[in-house]
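Presented below is the structure to which this report refers.
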Amino acid sequence: MSAAAGPAPVKRQAIDRARIVGLIQSRGAILVLILAAIVAGSIFPDFLHAANVEDIVTAGTFLGLVAIGQTFVIILGGFDLSVGSMVGLGTVIAAYAQPFGWVPALLLPILAGILVGLIDGLLIARTRMAPFIVTLAALLALKGAAIALAGESMVVARPGFFGQIANAHWLGVSNLIVILVAAYALGALVLNRTPFGAAIFAIGGNEEAARMLGIQVERVKVLTYCVSGGLAGLSGALLAARLSSGISSAGNGYELQSIAAAVIGGVLLTGGVGTMTGALAGVLLLGLINNVINQIGSLSAAYQGLASGTFLLLAVIIQAGLSRTKRS
Amino acid sequence: MLLETRGLGKSFGVVAALSDVSFSLRAGEVHGLMGENGAGKSTLIKLLTGFHPPSAGEILLDGTPVSFDSPRAAQAAGVAAVYQEINLIPERSVAANIFLAREPRQFGLLTNTRKMEADAAAILSRYGLAIDPRQPLRTLGLGLQQMVSIARVVSLGARVVIMDEPTSALAGAEVDILYGVVEQLRREGRGIVYVSHRLSECYRLCDRLTVLRDGRMVESATTADLPRARLVAAMLGRESTAGSAPGARPAAAATDAAAAAPIALSVRGLSWRTRVRDVSIAVRRGEILGLAGLLGAGRTETFKAIYGAETPDRGDVEIEGRRLFHARPAASIRRGLAFLSEDRRSEGIFPKLSVRANLTAAVLPRISRFGVVSRRRQTELVNRYIRELGIKTAGPEALISELSGGNQQKVLIARALCTEPRVVMLDDPTRGIDVGAKAEVHRTIRDLARKGLGVVVTSSEVEEVLELSDRLVVLNEGAIAGELETAGREPEDVLALLAAAEAPRA
């Protein structure tokens, strides 16, 4: 700290730098997404065609919904490994419920997801067990339940309106895209403009302090896991509608992909920092990578994983660099 | 009377942490609460803020007895504390931190961000704080973060604001901001309990001072009626008028011989932040140098800056005439400097490992061949030090956590000795050790000096450090306030130095 010569401009500079770093952290993924889209578009002429873009986004809807919940949970300072299995179980429940109409087919998977989130959340918040173990147990149990209920898969006989939900268009835009955008907008509103959202950030930022400041930590935690579970259930219901079947292995790997998407989008795994737009950009980036590798017809799908992994690593390295700048 | 306690006491099991404290606070008063480690300040704060229920006595607010079953209840009644470590959310905005868990709303569910920010700005400006309520808390210095903490409790309606060592981490300009805020709180008729161990600060800010020692109230007077010497004597537990001193050292001749020995450790102009300011010391081979100072005087920080556990901003450190260029513990150890932290539990022992593993933890590479630890040489070392230092243990394989505090400390001293140091620095080595074991640790330390090592040692007890050392350096607010040869001196001489006018703050 120098003498009285001019502490004010120094501080101002520090604030500006902090703001820039914060912007890169929260908005960098969007920038990368746009750049990647431009590059891919210039190499593969088909890439930027409306049909292909719609493909990427609709395919990303299922992971995208899961990633909203995952982002909530990560900002809270935990993570949720049960979501992938919950998507699979959700498709199966939807397939069972469809004969009774589209309402139960859509709602029952969501309710099941909320129930799972409630159990996970209560165990994590009340008994202070590690989120890793609790949700890993849920991952195994739900997977087993889905297979026990449906075997490998079961067909939805007459999808009817239920199938329409995930396959029709609204004002020329795929319903799935409408749902995805609406869900992210709602997620951003909850996260940034409600006391519940503020509480999630506070707990992830400093749990003890949050408790001292009067936040009902246990309640917020349970609710957040319910949001995550419910969204995974919704994702499963929509996937069943899309595919006209319940597939017990659907959603396999979503738990880790959603974490990857969130981290690429600037959500800190240590909690307390993150944005919805970042997470969405992360989901779309992963989708874009898969799509581009498909465009290069000669590469096998195995390269999708390799590319995603490399991307994730880069994101984490940049994050680490940014946090260091921020601290100094 | 705004806040009053009558015969307040708290026991944890059989240990009385606080007994019979009758403390009072008027509206518009700044009341300094002072005392050394373990004096009971924290316990008193925790009783006042509803963390613990008292075991005896009562708390009165506006003359009515109250009992708070939680910090929230205390806060609701208007009693709140601001702690030295900031208990807020660094990544969130200033406004969000002030209004967390009670955000102004619109449409029932949504946070009214605009109103929240406007309200925050209004509160901040009332206390003369030019802080943008939208910026993330972490972009503020520690001092301003603390002001945000104060703004929060005030906006919650706190009439009694307890500040726990508010300036301990602040730089000069921030301290002035804090003083301004305290003045404003006083003008608003709030009562402030101001916990600090900086004498000059308390004399400047406080209307009254209360001293706790060993859980009891040993002094309480208006600031004007309480001379510094009496305050320090009360904190450290000595009558300033006492003539006979059992701790007085016999005039020793040994120091003359040591005076000619070559210098083992030399430190020149060492500074680290505001905690260590321009400290220069020299220790000869075979000499024991004591560092004395009140809590927060910078003893531990000085050690850590010398050792390289903190990176000093300025200053040179030389071991046996060779300068240490890289301020890192590993480099210091290689040059022959060993350091024993005062915090045995978190910076010393590996509680789940054996005495053998703990004792040799610092020298494993040295006793290894091709990367494999030589069991034989390890056993030799362990047995040698268990014998030499008289470590009482069931054997080398016993868990260190099963040893008594004194024996754990000996294991740590042995660990330092394994690195074959030229200089050993021991930070409060007898803390938390019973009296018998203390004497043993003292003997061990004297043996180190006798073998020709340079030794630097501190203690939170003046008598102890006086008795143990050949020469004593007194620290005050991070700077050297005085130095004396200990031969023939009495604790009162040290107290006089401690209470002396303090060095001006940078």
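Assorted remarks:
- Residues (open to solvent by 80 Å² or more (accessible area, probe 1.4 Å) and either under 15 Å from A:GLY265 (Cα atoms) or of a type in the set (D, E, K, R) (or both)) located in the stretch A:288-313: A:LEU313
- Here A:VAL134 passes the criteria (1) of a type outside the set (Gly, Ala, Ser); (2) free of Cβ contacts under 8 Å to residues at least 24 places away in the same chain; (3) surrounded by fewer than 20 Cβ atoms within 10 Å (Cβ to Cβ) except the one numbered (3).
- Condition broken by B:GLN378, with the remaining ones in (1) open to solvent by 30 Å² or more (accessible area, probe 1.4 Å); (2) farther than 30 Å from B:LEU468 by Cα; (3) not small (Gly, Ala, Ser) satisfied: (1)
- Among (1) within 14 Å of another protein chain (Cβ to nearest Cβ); (2) crowded, with 24+ Cβ neighbours inside 10 Å; (3) assigned to a helix (DSSP H, G or I), the one test that A:ARG219 misses: (2)
- B:TYR203 meets all of the listed conditions (1) part of a strand (DSSP E or B); (2) open to solvent by 50 Å² or more (accessible area, probe 1.4 Å) but one, namely (1).
- Per-region count, the stretch B:122-147, residues more than 11 Å from chain A (Cβ to nearest Cβ), in a helix (DSSP H, G or I) and over 24 Å from the mean Cα position of the chain (by Cα): 5
- Pairs with Cβ under 9 Å, 6+ apart, first in the stretch A:1-30 and at the interface with chain B (Cβ under 9 Å from one of its Cβ atoms) and in a helix (DSSP H, G or I), second open to solvent by 70 Å² or more (accessible area, probe 1.4 Å) and modelled with pLDDT of 75 or more: A:PRO7/B:ALA173
- Test: residue in the stretch B:29-47 that is open to solvent by less than 60 Å² (accessible area, probe 1.4 Å), assigned by TED's automatic domain parsing to the domain that holds B:ASN87 and without any contact (Cβ under 8 Å) to a residue 24 or more places away in the chain: no
- Annotation note: of B:GLU117, B:GLU103, the sole residue that is surrounded by 15 or more Cβ atoms within 10 Å (Cβ to Cβ), at the interface with another protein chain (Cβ under 7 Å from one of its Cβ atoms) and either of a type in the set (Lys, Arg) or over 22 Å from B:ILE162 (Cα atoms) (or both) is B:GLU103.
- Matching entry among A:ILE247, A:ILE259 (being open to solvent by 20 Å² or more (accessible area, probe 1.4 Å), touching a strand residue (DSSP E or B) at 6+ places or on another chain (Cβ under 7 Å) and either more than 14 Å from every other protein chain (Cβ to nearest Cβ) or among the basic types (Lys, Arg) (or both)): A:ILE247
- Any hit, the stretch B:488-505, residues being under 19 Å from B:LEU265 (Cα atoms) and among the charged types (D, E, K, R): no
- Only listed residue being assigned to a helix (DSSP H, G or I) and either at pLDDT 90 or above or in contact with a Lys or Arg (Cβ under 6 Å, 6 or more places away or on another chain) (or both), chosen from A:LEU285, A:LEU322: A:LEU285
- Meets criteria (in the same structural domain as B:ARG134 (by TED's automatic domain parsing) and either open to solvent by 50 Å² or more (accessible area, probe 1.4 Å) or modelled with pLDDT of 95 or more (or both)) for B:LEU18: no
Residues are listed down the side, and each one gets a yes or a no for (1) facing chain A (nearest Cβ under 10 Å); (2) assigned to a helix (DSSP H, G or I):
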{"residue": "B:ASN37", "(1), (2)": "no, no"}
{"residue": "B:THR43", "(1), (2)": "no, yes"}
{"residue": "B:HIS52", "(1), (2)": "no, no"}
{"residue": "B:ARG72", "(1), (2)": "yes, yes"}
{"residue": "B:GLN84", "(1), (2)": "no, no"}
{"residue": "B:ASN87", "(1), (2)": "yes, no"}
{"residue": "B:ALA96", "(1), (2)": "yes, yes"}
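- Hey, A:LEU189 in contact with a Leu (Cβ under 9 Å, 6 or more places away or on another chain) and away from chain B (no Cβ under 14 Å) or not: no
- Residue in the stretch A:153-165 that is under 30 Å from A:GLY271 (Cα atoms) and either within 11 Å of chain B (Cβ to nearest Cβ) or open to solvent by 60 Å² or more (accessible area, probe 1.4 Å) (or both) present: no
- Restricting attention to the stretch A:181-196, the residues being more than 20 Å from A:ILE215 (Cβ to Cβ) and open to solvent by 70 Å² or more (accessible area, probe 1.4 Å) number 2.
- Listed by position, the helices (runs of 4 or more DSSP H) enclosed by the stretch B:270-375 that each have at least 3 residues that are free of Cβ contacts under 8 Å to residues at least 24 places away in the same chain and open to solvent by 60 Å² or more (accessible area, probe 1.4 Å) are B:344-347.
- When B:GLU219 is tested against (1) acidic (Asp, Glu); (2) over 22 Å from B:LYS10 (Cα atoms); (3) away from chain A (no Cβ under 14 Å); (4) without any contact (Cβ under 8 Å) to a residue 24 or more places away in the chain, just one condition goes unmet, and that condition is (2).
- Residue among B:GLY436, B:GLY452 that alone is at pLDDT 90 or above, farther than 15 Å from B:ILE349 by Cα and in contact with a Gly (Cβ under 9 Å, 6 or more places away or on another chain): B:GLY452
The values are calculated or read from the model by the stated rules, or taken from the named source; none is laboratory data. A quick note: this is a predicted structure, and the numbers were derived from the prediction, not measured. With ideal geometry, Cβ positions are generated from the backbone for all residues, glycine too; neighbour counts draw on all protein chains shown. Quick note on the areas: whole protein, heavy atoms, side chains included, nothing else; ligands and nucleic acids left out. Shrake-Rupley method; radii C 1.70, N 1.55, O 1.52, S 1.80 Å.
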